[in-house]
Amino acid sequence: QVQLVESGGGLVQPGGSLRLSCTGSRITFSNYAMSWYRQAPGKERELVAHITSAGTNTTYADSVEGRFTVSRDNPKKTVYLQMSSVRPEDTAVYYCNALWKPAWHKPYDYWGQGTQVTVSS
């Protein structure tokens, strides 16, 4: 089965940085647009960042624009989220998502288990 595994989460102080990684297996990784979502306690899941299958375009939530950077390494089947100048409100479980929408088939949509990011002094 397709698997997505996140890593790199943990405790970080406000203003600090960390990098999340998500690595796929048993997947034609270059077919998929990749996204990072997050969910804080009591809140809806929200889109944080998106990157197209070839890595040519990126999109960010207004709340992280200028602070976070999404990138990918297709030969390594890995997508990254570089988080800088983090704030307490960035605290959440961060999820990796892979989405491929072939015109001839229903979408292929996969999720990782998530990794906890806690921003606290």
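The values are calculated or read from the model by the stated rules, or taken from the named source; none is laboratory data. From a predicted model like this one, the values you see are computed outputs, not experimental measurements. Ideal geometry is used to build each Cβ from the backbone, glycine not excepted, and the neighbour counts take in all protein chains shown. Just so you know, the surface numbers come from the protein's heavy atoms only, side chains and all, with ligands and any DNA or RNA stripped out. Shrake-Rupley method; radii C 1.70, N 1.55, O 1.52, S 1.80 Å.
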When residues of segment 75-84 are limited to those that are in a strand (DSSP E or B) and free of Cβ contacts under 8 Å to residues at least 60 places away in the same chain, the one surrounded by the most Cβ atoms within 10 Å (Cβ to Cβ): 79
Of the residues that make up segment 56-65, is at least one touching a strand residue (DSSP E or B) at 6+ places or on another chain (Cβ under 6 Å) and of a type in the set (Asp, Glu)? no
Those residues of segment 20-48 which are farther than 20 Å from residue 71 by Cβ and small (Gly, Ala, Ser) amount to 40, 42
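Could you check how many residues of segment 103-120 are in contact (Cβ under 8 Å) with a residue 12 or more places away in the chain and exposed (fewer than 13 other Cβ atoms within 10 Å of the Cβ)?
Total satisfying the criteria: 4.
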Pairs only if they're at least six apart or on different chains, beta carbon under 8 angstrom, first in segment 85-98 and open to solvent by 10 Å² or more (accessible area, probe 1.4 Å), second charged (D, E, K, R) and not in a strand (DSSP E or B); list them, first residue then second. 85/67; 95/45
Evaluate the following for residue 68: is it free of Cβ contacts under 8 Å to residues at least 60 places away in the same chain, touching a helix residue (DSSP H, G or I) at 6+ places or on another chain (Cβ under 9 Å) and open to solvent by less than 60 Å² (accessible area, probe 1.4 Å)? yes
Look at segment 5-17 and say how many of its residues are within 21 Å of residue 120 (Cβ to Cβ), open to solvent by 70 Å² or more (accessible area, probe 1.4 Å) and not in a loop (DSSP other than H, G, I, E, B). 1
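Taking the residues in segment 18-55 that are among the hydroxyl-bearing types (Ser, Thr, Tyr) and either assigned to a loop (DSSP other than H, G, I, E, B) or in contact with an Asp or Glu (Cβ under 9 Å, 6 or more places away or on another chain) (or both) as candidates, determine which candidate is nearest to residue 78 (Cα to Cα). First the steps, then the outcome.
First pass over segment 18-55, keeping only residues among the hydroxyl-bearing types (Ser, Thr, Tyr): 21, 23, 25, 28, 30, 32, 35, 37, 52-53.
Narrowing the set further to residues that are either assigned to a loop (DSSP other than H, G, I, E, B) or in contact with an Asp or Glu (Cβ under 9 Å, 6 or more places away or on another chain) (or both) leaves 21, 23, 28, 32, 37, 52-53.
Values: 21: 7, 23: 4, 28: 12, 32: 11, 37: 16, 52: 13, 53: 12 Å.
Filtering first and then ranking leaves 23.
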Please indicate, with yes or no, whether at least one residue in segment 74-83 is modelled with pLDDT of 95 or more, closer than 16 Å to residue 117 by Cβ and not hydrophobic (A, V, I, L, M, F, W, C). yes
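Test of understanding: among 56, 52, which residue is free of Cβ contacts under 8 Å to residues at least 24 places away in the same chain, of a type in the set (Ser, Thr, Tyr) and open to solvent by 60 Å² or more (accessible area, probe 1.4 Å)?
Values: 52 fails: open to solvent by 60 Å² or more (accessible area, probe 1.4 Å).
Sole residue among the options that is free of Cβ contacts under 8 Å to residues at least 24 places away in the same chain, of a type in the set (Ser, Thr, Tyr) and open to solvent by 60 Å² or more (accessible area, probe 1.4 Å): 56.
Counting just the residues of segment 18-43 that are among the polar types (S, T, N, Q) and farther than 21 Å from residue 59 by Cβ, which one comes out surrounded by the most Cβ atoms within 10 Å (Cβ to Cβ)?
Checked segment 18-43; the qualifying residue surrounded by the most Cβ atoms within 10 Å (Cβ to Cβ) is 23.
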